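Quick notes on the structure that follows.
The values are calculated or read from the model by the stated rules, or taken from the named source; none is laboratory data. All figures in this text were calculated on a predicted structure; none of them were measured in a lab. Positions of Cβ are backbone-derived with ideal geometry, glycine not excepted, and every protein chain shown enters the neighbour counts. Keep in mind that these areas ignore ligands, DNA and RNA; they rest on the heavy atoms of the full protein, side chains included. Shrake-Rupley method; radii C 1.70, N 1.55, O 1.52, S 1.80 Å.
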Amino acid sequence: MAVTAVPEAPAERRTRRADRPPKGSRQGRNQLWVWLFLTPTVVLYGVYTVYPIIASYWYSFVEWNGFDADKTWVGLANYKAVLADPLFWNSFKITVLFMVAVVPLKVLLTLLLALVLNSPKLPLRTLFRTAFFLPVVTTTAIVGVVMQFVFDPASGPVNVVLRELGLVADGINFLGDPKTALWTVVGVYIWKWFGVTLIYWLAALQTVPDEVYEAAAIDGAGPWKLLHHITLPLLKPFAVIITLLTLESTLKVFDLMLTMTNGGPFYATEVVEIYIYRWAFAATVPQLGFASAAAVVFGLFVGLVGLLQLAGIRAVRKTRSDR
Amino acid sequence: MSVADEVLSARRGAGNNRWSTARLLRRLPWWIAAAVIGIGGLLWIYPFLWMVGASLKNPLEVFTAGLSLLPEKAEWSNYSRAWSDAGFGKYLINTVIVTVTTVILVVLRCAMAGYVLARQTFFGRKVVMVVLIATLFVPTGYTIIPVVEISEQLGLLNSLTGMVLALSGGAHVASILLYLGYFRQLPRELEESAVIDGAGFFNIFARIMLPLANPVTATVTLLTFLGTWNAFFLPLVFSFSRPDLRTLSVGMLAFVGENSTDWSGMAAAASISLLPVVVLFILLQRYFVEGIAGAVKS
């Protein structure tokens with residue numbers, strides 16, 4: 001989604017504009033229209049995204065409980081407190097761990113499946129596509145709640161199967177045990193968003209022209225050679241984009257975490273967004289300044305991921321134009 | 001006719017027979033692959049089937065029935081309980097209102113911004129671009145505190161209007177960029193000839209450019225629809241003190257909190273919440289897939 005070209009007016013167009021005779025009043029009227037067209041974005045985006053980003057910095061320097069209007073300037077105290085809080089680092093670690101666990105698994109598994117699903121020889125492929133995509137369209141929060149029951153230690157379907165197969169004697173408390181909770185959420189997250197990455201890969205595979213395969217097949221290349229020498233190299237630029245999109249989306253695990261585990265047990269699944277939420281909204285006395293400081297630190301990390309993304313896209317564009 | 005012919009000719013000669021066995025053998029790996037994927041696929045749809053089944057069981061049966069999907073006797077009362085007692089009818093209406101208005105707002109504002117940024121030179125264009133790209137990806141958790149604060153000051157905190165505005169004002173930079181990329185590659189002559197025909201700025205956009213961008217509009221509509229229908233953080237925060245403004249996902253959480261033992265009621269509530277979007281998905285499947293694919297292709 002974020003892969004679209006970073007636009008810059010091509011030089012050729014700019015000169016063409018300059019060559020044209022000035023249009024006087026039309027030009028002036030156009031300017032009016034331009035800003036009229038931009039108004040909804042400038043206002044909405046300004047109020048709900050740009051201003052909050054700036055305000056977060058300001059809030060992070062004050063002490064403020066959100067109930068009364070007075071905010072006391074405390075300088076860097078909030079940052080000191082956040083950085084000294086082991087639970088903040090815990091949530092940071094869990095956010096990163098979650099990314100590191102989800103991204104390779106999801107990207108590779110979906111690639112494997114996409115390669116098989118892409119073949120017209122596979123029976124029932126449309127049906128499979130639908131099945132794997134189904135969880136994507138369903139509401140995350142509801143999936144989270146339903147999964148609480150699916151993984152219930154006493155009567156949840158997962159434990160029923162495990163017991164019938166004789167793998168466990170008592171039910172495993174998947175979401176209640178700090179050792180298994182995060183990995184259960186990783187599994188559910190991959191399950192839930194599998195379809196999106198699968199579609200990304202299928203779209204990428206569509207861009208490989210059939211003629212290339214046909215030509216190689218005539219030259220006597222077998223399926224493995226086709227895969228190794230044609231499909232995978234051609235997928236490389238997409239691999240960068242798909243990995244980055246997947247990476248980025250793992251930062252939005254908030255809904256699923258909150259509804260499945262609420263960050264627990266014992267903070268075992270508390271990602272940074274839940275940490276912020278807890279201090280800002282779920283605490284009896286909200287600490288908005290403290291939460292903002294955590295948000296700013298998190299924002300810097302996200303910015304880093306964003307920079308990585310831009311660099312990745314640049315690199316992809318380069319390889320594309322080299323070809 | 002032709003099928004019968006084939007069968008007959010296959011029976012007639014040994015050569016034909018061998019051919020069909022060979023064909024079967026060649027196809028076999030694919031059928032095995034399909035079977036393996038099918039088992040995986042079952043894992044993907046089973047929770048939904050189980051949930052619908054549980055929504056018709058009586059509360060006790062949910063705990064004892066294990067894996068079985070079919071209830072002994074369909075208990076429709078679970079649905080009436082979820083629909084009226086727990087307010088899921090109201091939550092559904094809220095969700096539809098919020099989603100539809102947000103999608104319209106986002107599509108319009110992103111199309112307009114994308115068009116202007118792609119096709120016009122104006123003072124301040126660079127600044128707008130830089131700001132947009134710098135904020136390409138901002139998680140809700142980062143901006144939520146000031147969003148709540150400013151909404152409260154504007155008197156919009158406990159209202160659907162506030163929820164819609166916050167949802168359509170956040171992120172969506174990618175949608176603007178999708179429109180921008182599409183509009184930029186259209187030939188300039190389109191506008192020039194429209195100007196000669198006497199079309200004004202607005203008409204060119206509304207009657208020529210926007211219809212041309214239908215594929216992008218489809219992608220943006222679907223992505224925004226999915227994002228908004230599933231949104232949780234903002235609706236949660238915007239309905240803290242107004243339970244009647246909850247959306248489906250927020251209502252679901254509250255439902256579990258308030259009725260911690262009513263699993264069959266929960267399953268019914270979840271079924272009510274998921275049914276519209278699943279039906280919509282099955283009807284418009286192709287567009288969903290193309291919409292998602294469109295995001296990565298461009």
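Segment A:VAL116..A:LEU300, full-extension length gain: 62.3 nm, with 0.36 nm per residue of separation and the alpha-carbon distance subtracted. Residues in the stretch A:164-292 average 43 Å² of solvent-accessible surface per residue, probe 1.4 Å, ligands and nucleic acids excluded. Working from label points 7 Å from Cα in the Cα-to-Cβ sense, the A:ALA215 to B:SER241 distance is 6.9 nm. With N counted as the residues of the protein assembly as shown, its alpha-carbon radius of gyration over 2.2 N^0.38 Å works out to 1.06. Solvent-accessible surface (1.4 Å probe) assigned to A:ASP170 amounts to roughly 120 Å². Report the accessible surface area buried between chains B and A, summing both sides, using a 1.4 Å probe on protein heavy atoms only, in Å² rounded to the nearest 100. Buried area between the two chains comes out at roughly 9800 Å². Taking all pairs of distinct Cα atoms, average 1/r, flip it, and tell me the Kirkwood hydrodynamic radius of the stretch B:204-298 in Å to one decimal place. It works out to 15.8 Å. Taking a point 7 angstrom from the Cα of A:GLU63 along the C-beta vector, which residues in the stretch A:274-307 have backbone N less than 18 Å away? Inside the label zone: A:279-280, A:284-294. A:LYS106 contributes about 10 Å² of solvent-accessible surface, heavy atoms of the protein only, 1.4 Å probe. Full extension of the chain between A:LEU109 and A:THR126 gives 4.3 nm of extra length, using 0.36 nm per residue less the Cα-Cα distance. Here, the stretch B:29-138 yields an orientationally averaged convex hull projection of 13.9 nm² when only Cα atoms define the hull.
GNM on chain B, alpha-carbon springs under 10 angstrom: the most fluctuating residue among B:ARG23, B:ARG81, B:ARG188 is B:ARG23. Heavy-atom accessible surface of the stretch B:179-238, averaged per residue, reaches 39 Å², computed with a 1.4 Å probe.
Residues of the stretch A:50-71 buried by at least 20 Å² of accessible area upon assembly of all protein chains, compared with the chain on its own (1.4 Å probe): A:VAL50, A:TYR51, A:PRO52, A:ILE53, A:SER56, A:TYR59, A:TRP64. Hydrodynamic radius of the stretch A:153-220 by the Kirkwood approach over all distinct alpha-carbon pairs: 15.7 Å.
If you plug the beta carbon distance of B:LEU24 and A:ALA282 into 1/(1 + (r/R0)^6) with R0 = 51 Å, you get a FRET efficiency near 0.25.
Peptide B:166-177 shows a mean partner chain C-beta count of 5 within 10 Å per residue C-beta. Helical runs assigned H by DSSP (4 residues or longer) give chain A a calculated mean residue ellipticity at 222 nm of -22000 deg cm²/dmol, each run adding -39500 (n - 2.57) before division by the residue total. Residues B:GLU61, A:GLU214, B:GLU192, ordered by accessible area of protein heavy atoms at a 1.4 angstrom probe radius and largest first, appear as A:GLU214, B:GLU192, B:GLU61. Coordinate range of the alpha-carbon atoms in the stretch B:111-253 per principal axis, descending: 57, 28, 24 Å. Kirkwood's formula applied to the C-alpha pairs of the stretch A:216-323 gives a hydrodynamic radius of 17.3 angstrom.
Taking all Cα pairs closer than 8 Å and separated by 6 or more residues, the relative contact order of the stretch B:160-282 comes to 25 percent. Mean-square fluctuations from a GNM of chain A, with a 10 angstrom spring cutoff on Cα atoms, peak among A:TYR59, A:TYR189, A:TYR48 at A:TYR48.
With protein chains left intact and a 1.4 Å probe, residues in the stretch A:42-108 average 50 Å² of accessible area per residue.
Do any of A:LYS93/B:LYS126; A:LYS106/B:LYS57; A:LYS252/B:LYS126; A:LYS93/B:LYS90 go past 31 Å between their Cα atoms, and which?
A:LYS93/B:LYS126; A:LYS106/B:LYS57; A:LYS93/B:LYS90
When the square roots of the Cα gyration tensor eigenvalues are ordered a ≥ b ≥ c, the ratio a/c for chain B is 1.5 or more and a/b does not exceed b/c, which makes its shape oblate. Taking the 1.4 Å solvent-accessible surface of the stretch B:164-240 as the whole, the part contributed by carbon and sulfur is 65%. Net charge within 12 Å of A:TYR48 by Cβ-Cβ distance, Lys/Arg positive one each and Asp/Glu negative one each, not counting A:TYR48 itself? Surrounding charge for A:TYR48 is 0.
Go ahead and estimate [θ] at 222 nm for chain B from helices alone: -39,500 (n - 2.57) per DSSP H run with n ≥ 4, summed, over the residue count, rounded to 500.
One gets -23500 deg cm²/dmol as the mean residue ellipticity at 222 nm.
The dipole here belongs to the protein assembly as shown: it is taken about the Cα centre, uses +1 on the Cβ of Lys and Arg and -1 on the Cβ of Asp and Glu, and is about 2180 debye. At q = 0.13, 0.17, 0.30 Å⁻¹, what base-10 log of I(q)/I(0) does the Debye formula yield for the stretch A:102-160 when every alpha carbon is treated as an equal point scatterer in vacuo? The computed values of log10 I(q)/I(0) come out as -0.53, -0.81, -1.07.
Proximity of backbone amide H atoms, modeled 1.01 Å from N, is registered between A:VAL62 and A:VAL74 at under 5 Å, excluding neighbours fewer than 5 places apart on the same chain. Size descriptors for the stretch A:53-172 (Cα atoms only): Rg and Dmax, in that order, 23.4, 68 Å. What does the net charge come to around A:ALA217 if you take all other residues with beta carbon closer than 14 Å to its beta carbon, with K and R at +1 and D and E at -1? Counting the neighbours of A:ALA217, the net charge comes to -2.
Value of Rg to Rh for the stretch B:150-214, rounded to two decimals, is 1.21; Kirkwood radius and Rg both from alpha-carbon coordinates.
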